[in-house]
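Everything on this sheet refers to the single structure shown next.
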Amino acid sequence: MKRASIGIAVLIAVSLGAIGESPSTGGVTMKLISPAFDHNQRIPSKYTADGADVSPPLKWEGAPQGVKSFAIICDDPDALPVAGRIWDHWLIWNIPGTLTEIPENIPKTDVVPMLGQARQGLNSWPRVGYNGPAPPRGSGVHHYRFKLFALDTMLDLPARATRRQLELAMRGHILAEAELVGTYERR
């Protein structure tokens with residue numbers, strides 16, 4: 001009986017995830033897209049270390065009531081076998097809750113005035129701002145997760161914070177989440 005209950009709980013969790021809802025966010029569903037690439041499709045080289053290495057444009061919809069700010073984390077979980085950890089490519093937070101998109105090529109500065117004084121953290125290089133896909137040649141296709149978080153507050157977190165610090169600051173403030181995945185491979 002215990003095994004059946006666990007199986008049912010897993011099935012419910014998988015089903016909720018499959019339709020973009022999360023029990024931790026009260027069933028609110030946001031959608032994150034990029035005009036530069038489709039979900040699970042190749043990221044154009046312009047947005048990688050092989051090109052101009054600028055951040056891609058992002059748009060979202062379905063933000064919940066009460067959102068005060070947004071945060072974005074972009075990472076590469078496929079770096080784990082190569083680098084020994086998930087590789088962080090971009091941390092940005094305190095994007096005003098009134099926005100529904102950000103343009104490409106966000107400046108690689110601590111504070112981003114064009115986004116209402118949003119702040120950027122240290123990626124895994126460690127550098128401030130976006131650094132795009134740069135997987136080692138021959139390591140296969142990597143998946144880059146752009147994760148958007150709708151928050152009920154502006155975070156009291158200084159620029160150059162780490163991912164761990166950002167995640168701790170967001171704890172208890174996430175109203176909804178969305179994810180866009182892009183792929184990239186060097187041959």
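Structure notes:
- PRO133 touching a Ser or Thr at 6+ places or on another chain (Cβ under 8 Å) and either over 23 Å from ARG171 (Cα atoms) or of a type in the set (S, T, N, Q) (or both): yes
- In the set GLY182, GLY172, GLY138, only one residue is over 21 Å from ILE102 (Cβ atoms), at pLDDT 95 or above and of a type in the set (Gly, Ala, Ser); that residue is GLY172.
- Those residues of segment 128-187 which are farther than 25 Å from GLU61 by Cα and of a type in the set (Phe, Trp, Tyr), in sequence order: TYR184
- The residues in segment 26-75 that are charged (D, E, K, R) and within 18 Å of ILE95 (Cα to Cα) can be counted, and the count is 4.
- Residue within segment 106-116 that is buried (at least 16 other Cβ atoms within 10 Å of the Cβ), touching a helix residue (DSSP H, G or I) at 6+ places or on another chain (Cβ under 9 Å) and of a type outside the set (Asp, Glu) present: yes
- Only residues that are polar (S, T, N, Q) and under 18 Å from the mean Cα position of the chain (by Cα) were counted in segment 114-140, giving 4.
- Annotation note: Cβ proximity below 7 Å between a residue of segment 166-177 that is among the small types (Gly, Ala, Ser) and a residue that is buried (at least 16 other Cβ atoms within 10 Å of the Cβ) (sequence gap 6+ or interchain) occurs for ALA169/LEU155; ALA169/LEU157; ALA176/THR25; ALA176/VAL28; ALA176/MET30; ALA176/ALA63; ALA176/PRO64; ALA176/ALA150.
- Residue count for segment 128-140, restricted to those that are farther than 18 Å from TYR184 by Cα and surrounded by fewer than 15 Cβ atoms within 10 Å (Cβ to Cβ): 0
- Considering only residues in segment 35-51 that are in contact with a helix residue (DSSP H, G or I) (Cβ under 9 Å, 6 or more places away or on another chain) and surrounded by 14 or more Cβ atoms within 10 Å (Cβ to Cβ), the one that is nearest to GLU179 (Cα to Cα) turns out to be PHE37.
- Candidates TRP125, TRP87, TRP93 - the one that is free of Cβ contacts under 8 Å to residues at least 40 places away in the same chain and either on the phi > 0 side of the Ramachandran plot or crowded, with 18+ Cβ neighbours inside 10 Å (or both): TRP87
- Residue within segment 170-178 that is of a type outside the set (Lys, Arg) and part of a loop (DSSP other than H, G, I, E, B) present: yes
- Residues in segment 33-65 that are in contact (Cβ under 8 Å) with a residue 24 or more places away in the chain, out of contact with any Pro (no Cβ under 6 Å at 6 or more places or on another chain) and more than 17 Å from ALA134 (Cβ to Cβ): ILE33, HIS39, ASN40, GLN41, LEU58, LYS59, TRP60, GLU61, GLY62, ALA63, PRO64.
The values are calculated or read from the model by the stated rules, or taken from the named source; none is laboratory data. Bear in mind that the values here come from a model prediction, so they are computed numbers and not experimental data. No Cβ is skipped: glycine too gets one built from the backbone with ideal geometry, and neighbour counts run over all protein chains shown.
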